[in-house]
1. Got a sec? What order do 540, 343 fall in by accessible area at 1.4 Å, biggest, i.e. largest, first?
2. I need to check one value: relative contact order of the stretch 432-561, counting alpha carbon pairs closer than 8 Å and at least 6 residues apart, in percent.
3. If amide hydrogens are placed 1.01 Å from N in the peptide plane, which non-local residues have theirs closer than 5 Å to the one on residue 353?
4. Count the net charge of all other residues whose Cβ sits under 13 Å from the Cβ of residue 269, scoring Lys and Arg as +1 and Asp and Glu as -1.
5. So what J values fall out for the stretch 507-522 if you push phi through Karplus, 6.51 cos²θ - 1.76 cosθ + 1.60 with θ = phi - 60°, rounded to Hz, Gly and Pro as x?
6. Quick one: which residues, 5+ away or cross-chain, put their amide H under 5 Å from the amide H of residue 534? H built at 1.01 Å from N.
7. Search the structure for amide H atoms under 5 Å from the amide H of residue 459, placed 1.01 Å from N in the peptide plane, and list their residues when 5 or more places away or on another chain.
8. Residues of the stretch 149-252: accessible area per residue at 1.4 Å, in Å²?
Amino acid sequence: MAKLVQLARLAQSEFDIEISIEKMLQEVDYRQLVISELTQLAHQDINQLTSWLISIEKDTEKTEIIPSKKRPLILLLTLVFFIFSASIFWYSNSFESNNSPLTSKAQITKVTSESSQSNESMILTVSSTPQAAKSSIAMTSSQSKSDSETVFRLHGSNTIGEKLAPLLLEGFLQHLHIKEFAWTRSTPLERVLHYHVDGKPYAIELKAHGSSTAFSALKDKTADIGMSSRRIKDSEVKQLTKTAGHLNKIGNEHIIGLDGLAVIVNQNNPVKRLSSETLAKIFSGEISNWSQIGGAILPIKLYARDQHSGTWDTFKSLVLKKHSKKLSQQAIRFESSSELSTLVSQNEAAIGFIGLNYVLHNKAIAISESKDTGAIFPTRFTIGTEDYALSRRLYFYTPTSASNLVKDFAQYALSTEGQQVVANAGLISQNIKLEQVYPLSRAPKKYQQYASKAKRLSLNFRFAYATKELDNKGKRDLLRLVDFMEDHQSSRIVLMGFSDSVGAQVKNTHLSYQRAKSVELALTSRGIPVLAVEAMGEALPIANNNTEDGRKRNRRVEVWLL
């Protein structure tokens, strides 16, 4: 028993592997799996202990069966000895575990795949709740990839696939009352989730090589769900219509969360604000030293995401293309957001762009779209309302012919429970929140009055050009707002309509009023009263009216609560 405790300690301290002593004693399959895995780590002390365990196994097999009358006594003595040893082991590790900020545990074990190639992979067994942690186990040899039925495959965005998608998949399995599951990872951006239902092994494939790979995989039918950190392009919609249906329609396009494209610099960099034009000049190489924009005398080091990334597509569209610039050839490209963020934190001359949840040990810069708009920092509220210049939506795309399980998973991601998972992943959920907004000096008088006594909701309704039709996010946000108001029945809604600046000012004011009225009609038809509808017209632009994307963001209806 002492050697078993010693083995558990070594596995924990040397490789951060947690071993259940109880299961080692009680479950033959678990014990044999652990011995097999630890043997392959090639650690001298661990190998001595596993050799001892193997010899004990063999001696046990040769030992005569214990007479039934003596068995209860021996079992009792074994149990007492186990409790005593386990108590010592628990005490030696209690300080570290009690000071851990994590509420859930991740157990990492190294195994060898049973496929013909015998490639090594990493298994990650995750328990997202303390209750599940007690029953979480490492994958047994019968759960190998070759034996499992793949129920669906997710391909695409690294921003989604690196962190959010795994958490959503785990949450979905727990939602289905599946508590035991395990990850195998073949490469940093490819992994498989294994689980059992009624003793039968199943698998879900996850590959995160960039948003453009989502649509190529859907076209080739090598994926069942496409993950993208940008909206599908019109050309991609046309290419995929025959095989996947109209992917830009609400039944196939699922906005699963929001993210801000944060421009990051080292924490020691004094620069705090940049216009999108200055940002474009930096990444094109026209501005090459921090001293040109008020910083230290240091040559700027450019870090950018790779060409397959939706993060890159968004930056190229919202910053470089908008100002007719191209990325400098001196920029270093990265497939991983985490790696890019780490290197910026280690270099005071560096600048890069990543999703908001990858800011980590860096400083995010406030961005303004033009001289007519103020610089806005990326926060959960400014991204949630899409006021921040570099905010973006995150998407799942599912073919019309997708299985019920695929559609159930997409629906789970959109649900209140799924959106909480989005928030836990460090991204911006679409669950509605209230925010105190302070009066702005350049705002219309009515806006000032409401800002002094009302709170603003973390959503905006947006519309296509010259129409009153809500976009796909707006249609789902309408349902979220109805649910939200059920818990705030004593409050009253104020709707404020805004327009872009294209066309006559009087016409735009009227159009902003009509859009706000269309939202009012949708709410009142669902039993939600609206206190007031206000037309703000071209006031308070949050984006550049010289671009189509900017005009679309300015065409909005804000929701306030009194």
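The values are calculated or read from the model by the stated rules, or taken from the named source; none is laboratory data. Bear in mind the structure is a predicted one, so any value in this text is a computation, not a measurement. Every residue, glycine as well, gets a Cβ built from its backbone with ideal geometry; the counts of neighbours run over all protein chains shown. With ligands, DNA and RNA removed, areas are computed over all heavy atoms of the protein, side chains included. Shrake-Rupley method; radii C 1.70, N 1.55, O 1.52, S 1.80 Å.
1. Working: 540 15, 343 55 Å².
My answer, sorted largest first, is 343, 540.
2. Working: 234 pairs, mean separation 41.4, N = 130.
After rounding, I find 32 percent.
3. 264, 305
4. On the way: positive: 272, 273, 301, 363; negative: 348.
After counting each charged neighbour, the total is +3.
5. In residue order, the calculated couplings are 5, 5, 4, 5, 5, 5, 5, 5, 5, 5, 5, 5, 5, 4, 4, 4 Hz.
6. Amide H neighbours of residue 534, under 5 Å, 5+ apart: 495, 496, 497.
7. 559
8. Numbers: 4240 Å² over 104 residues.
On a per-residue basis, 41 Å².
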